[in-house]
2 protein chains.
Amino acid sequence: MKGISGLSIPEPSLRRLPQYHHYLAELQSRGVSLVSCSTIGRDLKYIPVQVRKDLQFTGIIGKPKVGYSVAELVLAIEAFLGWNSVNEALLVGAGNLGTAMLGHERFSRFGLQVVAAFDVDPSKIGQYIYGKAVLPLDEMADLVQRMNIHLGIITTPAEVAQTVADEMVKAGIQAIWNFAPVKLNVPEYMIVHNEDLYSSLASLSCKLAKRFRAPLQENLRLN
Amino acid sequence: MKGISGLSIPEPSLRRLPQYHHYLAELQSRGVSLVSCSTIGRDLKYIPVQVRKDLQFTGIIGKPKVGYSVAELVLAIEAFLGWNSVNEALLVGAGNLGTAMLGHERFSRFGLQVVAAFDVDPSKIGQYIYGKAVLPLDEMADLVQRMNIHLGIITTPAEVAQTVADEMVKAGIQAIWNFAPVKLNVPEYMIVHNEDLYSSLASLSCKLAKRFRAPLQENLRLN
DNA sequence: ATTCAATAGGTAAGTAAGTATCGATACGGA
DNA sequence: TCCGTATCGATACTTACTTACCTATTGAAT
Ligand SMILES: NC(=O)c1ccc[n+]([C@@H]2O[C@H](COP(=O)([O-])OP(=O)(O)OC[C@H]3O[C@@H](n4cnc5c(N)ncnc54)[C@H](O)[C@@H]3O)[C@@H](O)[C@H]2O)c1
Ligand SMILES: NC(=O)c1ccc[n+]([C@@H]2O[C@H](COP(=O)([O-])OP(=O)(O)OC[C@H]3O[C@@H](n4cnc5c(N)ncnc54)[C@H](O)[C@@H]3O)[C@@H](O)[C@H]2O)c1
């Protein structure tokens with residue numbers, strides 16, 4: 001019962017699907033129509049079995065000796081991820097990162113449509129950033145209701161992220177994509193995704209530190 | 001032999017350490033000097049055992065009934081992650097996201113010092129963004145040698161990311177933090193970290209789609 | 001002083017993810 | 001037409017991560 005038609009996909013598999021999608025879209029744009037797990041695995045540095053298992057969750061079926069239809073795979077992944085239907089979102093915190101997100105038109109191809117930004121900075125309110133209005137925070141609840149918005153993006157300083165999250169919950173937002181490095185305290189039903197860049201930085205700097213200071217650490221440990 | 005003095009920490013644990021660090025720094029700034037795993041776990045929504053296991057990798061030791069010294073913990077995590085010594089980095093692609101990264105002075109508190117940016121856009125070359133010079137790409141190798149830089153950040157469009165990565169390898173860069181949604185093809189020794197925002201988006205939109213279209217999908221599956 | 005409760009730290013069990021293996025199937029070439 | 005091979009899909013196995021449990025230690029209360 002598990003596997004096909006994905007009753008529940010492991011998070012790691014889920015996070016690999018967009019990578020396959022990028023890769024497959026690229027293939028498609030080059031006119032390739034069939035692809036096998038071996039090929040995908042070779043190019044993306046995964047073993048074929050893992051690719052196959054991941055793809056099985058989308059419900060796609062391949063043909064032995066041939067592989068999968070690239071077009072079908074792309075559609076299957078998009079459908080599975082909900083990238084067909086548009087998710088309208090709002091963004092709070094029109095600073096550096098927020099501006100970058102607002103300017104990233106590519107999101108719209110993956111079901112994410114940021115409809116407006118909110119901020120407290122008077123010099124920003126009333127402006128348009130990449131065509132999106134920057135509104136005062138107290139108009140958020142109204143917009144959420146009117147446009148039936150489910151997703152909120154937080155790109156404010158960490159100190160106010162919890163406050164903003166509270167506002168979002170009150171306004172009726174269902175899911176939060178949080179770029180501030182804090183754990184948000186929200187009701188159980190909320191879907192929260194923390195995008196902690198420092199996690200990645202940690203992993204990187206840890207590995208770098210190991211590489212460049214490994215001999216020293218070895219010595220220390222021997223004492 | 002494993003555990004203490006972290007011969008090898010699981011990636012998930014490693015990625016949680018910065019969260020603990022944020023939390024503990026916050027505690028510290030409020031004057032709290034002692035903390036237990038139960039408290040951390042309550043606030044960060046982890047079970048105490050997991051917190052304890054994670055913290056053990058940093059080599060810290062706590063006292064029963066008391067917990068850990070917040071100050072010691074902060075230092076232990078920073079040391080473990082290599083956040084004490086500065087990693088000088090360069091950034092390629094001074095666009096939206098690149099600008100946001102350049103403006104994020106907070107990175108410097110976590111061992112990441114971006115010293116310069118590179119771009120191909122003539123209108124950007126020669127400018128300063130948040131005090132950092134934007135240089136032409138062909139000066140990269142020279143800078144890497146002169147300043148002994150190990151880390152490169154890629155915030156260019158996906159199409160040119162591989163080219164940029166090749167340049168970095170040639171220049172002598174050891175680690176890449178890649179924000180473009182492509183798998184980079186680099187020599188074995190390179191440390192590469194892909195920051196694929198679409199992975200997170202996928203996870204989010206998948207869950208949202210499930211919540212708001214779950215009944216329909218159930219029906220479809222029953223046919 | 002003694003008991004109790006909270007907590008660290010180690011070990012073991014359980015769960016989830018990743019990997020290997022095997023039979024079945026479809027295409028290409030002999 | 002038949003055979004070999006690449007590939008899929010399923011199952012079994014292995015590894016890694018998480019969670020539970022137990023013991024020892026500490027501080028506080030009686
Ligand atoms: N810039 C980066 O590269 C980067 C990297 C990692 C993490 N982050 C995180 O992303 C977040 C934003 O970073 P940034 O560099 O864009 O910061 P920023 O200071 O440029 O922008 C923050 C914006 O939030 C607005 N704001 C402040 N209080 C608010 C409130 N109560 N309600 C609504 N808006 C409010 C500010 O007016 C400002 O426009 C931070 O939490 C930061 O830690 C940023
Ligand atoms: N902006 C976002 O919020 C966001 C979100 C997710 C992912 N990304 C990814 O981050 C990357 C950058 O996004 P962005 O929005 O900053 O794009 P952008 O177009 O604003 O910036 C790209 C920059 O790269 C420069 N560039 C182009 N070719 C180059 C080359 N060969 N060498 C050096 N520099 C070159 C351009 O001149 C430009 O300044 C993209 O791969 C994008 O997919 C961005």
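Here is how the numbers come out for the structure above:
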item	result
A:Gly62 vs. criteria more than 10 Å from chain B (Cβ to nearest Cβ) and away from DNA strand C (no atom under 16 Å from the Cβ)	no
Pairs where the first residue, in region B:159-184, is within 9 Å of chain A (Cβ to nearest Cβ) and the second is charged (D, E, K, R) and within 16 Å of ligand 1 (Cβ to nearest atom), C-beta under 8 Å, 6+ apart	B:Trp177/B:Glu195; B:Pro181/B:Asp196
Selection count, region A:14-37, where residues are more than 10 Å from chain B (Cβ to nearest Cβ) and free of Cβ contacts under 8 Å to residues at least 12 places away in the same chain	3
Every residue from region B:92-151 that is surrounded by fewer than 21 Cβ atoms within 10 Å (Cβ to Cβ), out of contact with any helix residue (DSSP H, G or I) (no Cβ under 7 Å at 6 or more places or on another chain) and in a helix (DSSP H, G or I)	B:Glu105, B:Arg106, B:Phe107, B:Ser108, B:Arg109, B:Asp138, B:Glu139, B:Asp142, B:Leu143, B:Gln145, B:Arg146, B:Met147
Listing of helices (runs of 4 or more DSSP H) fully contained in region A:1-79 that carry 3 or more residues being crowded, with 17+ Cβ neighbours inside 10 Å and within 7 Å of DNA strand D (Cβ to nearest atom)	A:48-56
Residue in region B:9-26 that is at pLDDT below 95 and under 22 Å from the mean Cα position of the chain (by Cα) present	no
Matching residues, region B:185-205, being within 7 Å of another protein chain (Cβ to nearest Cβ), surrounded by fewer than 21 Cβ atoms within 10 Å (Cβ to Cβ) and farther than 21 Å from B:Asn96 by Cβ	B:Ile191, B:Ser203
Residues located in region A:61-90, provided they are without any contact (Cβ under 8 Å) to a residue 12 or more places away in the chain and of a type in the set (A, V, I, L, M)	A:Ile61, A:Leu75
Answer residue from region B:81-91, given it is crowded, with 22+ Cβ neighbours inside 10 Å and over 18 Å from A:Ala100 (Cα atoms) and is farthest from ligand 1 (Cβ to nearest atom) among those	B:Gly82
Residue satisfying condition, being more than 16 Å from DNA strand D (Cβ to nearest atom) and at pLDDT below 95, within set A:Gly152, A:Gly131, A:Gly126, A:Gly111	A:Gly111
Residue list for region A:38-60, restricted to those being of a type in the set (A, V, I, L, M, F, W, C) and in contact (Cβ under 8 Å) with a residue 40 or more places away in the chain	A:Phe57
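Residue by residue, here is whether (1) touching a residue at least 12 places away in the same chain (Cβ under 8 Å); (2) within 29 Å of A:Ala94 (Cβ to Cβ); (3) of a type in the set (Asp, Glu) holds:
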{"position": "B:Ala100", "(1), (2), (3)": "no, yes, no"}
{"position": "B:Phe110", "(1), (2), (3)": "yes, yes, no"}
{"position": "B:Asp121", "(1), (2), (3)": "yes, yes, yes"}
{"position": "B:Asp138", "(1), (2), (3)": "no, no, yes"}
{"position": "B:Ala141", "(1), (2), (3)": "yes, no, no"}
{"position": "B:Ile154", "(1), (2), (3)": "yes, yes, no"}
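The values are calculated or read from the model by the stated rules, or taken from the named source; none is laboratory data. Nothing here was measured: the structure is a model prediction, and the numbers come from that model. Heads up, the Cβs are rebuilt from the backbone with ideal geometry, glycines too, and the neighbour counts pull from every protein chain shown.
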